[in-house]
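Report on the structure given below.
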Amino acid sequence: MFQYIQIPLGGKMKRLPLNILYFAERTIKFIMNKKEIITILENKHLELFDWLEKQSIEKWEQAVEGKWTSGQHILHLTNSIKLLNTTLKTPKFVLKRKFGICNRKVRSYEEVAKRYDERLAESRDKAALFNKNLKIPSKKEKDRLIITLQIQNKKLQYKTNKWSDIHLDTLLIPHPLMGRMTVREIIMWTACHTAHHTHILKEKY
């Protein structure tokens, strides 16, 4: 069933289906389509896995400047994507009832990445507190943890492809740092999130 919205058109208020406005907006904003999102998810994770393969096992448990170990970075990414995959199993009507629907324009990948950087800069203490009790994975856990992340990445790609564009851009999911995001945005954010931690690992580990 279509949802309708009242907008001014030709000097009068017109009642138009939400899907018409959705497709009109997408042609203007160049929002990533599902294939592009799946590709960037794959590429960002492959870059991370390639770096991990080259990293010495001896550095897996080493922390840098009082920060996380490499293993904690990977555990954090794994926990994050597993939580998203679990949330995406929720019936869509439950998500709608619990979090509402989006009443703004969908953000592009670049806008999501910029907003994430801004929120990190504003809330570093909050982000650190949220993850302060993260366990330190041992060397023996490295291979299993990387395989789990690889599997979860593929699951997210599969779910992305299965969801309709309308649901990706209207249903909302809460993020602890970013607030409520559309499903499309939070999946794109997952690629940003992976790239962010890969950059830290390459630079400091």
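Coordinate-derived values only; no laboratory data. Worth saying up front: this structure is predicted, and the values here are computed from it rather than measured. Methodologically, a virtual Cβ is constructed for each residue, glycine included, from the backbone with ideal geometry; neighbour enumeration extends over all protein chains shown.
Pairs over the 26 Å Cα-Cα cut-off, from the set K114/K140; K67/K114; K59/K132; K34/K96: K114/K140. Just so you know, the averaged projected area of the alpha carbon convex hull for the stretch 39-138 sits at 8.9 nm². The dipole here belongs to the stretch 50-205: it is taken about the Cα centre, uses +1 on the Cβ of Lys and Arg and -1 on the Cβ of Asp and Glu, and is about 700 debye.
Measuring r between the beta carbons of I57 and K155 and using R0 = 30 Å, the FRET efficiency lands at 0.65.
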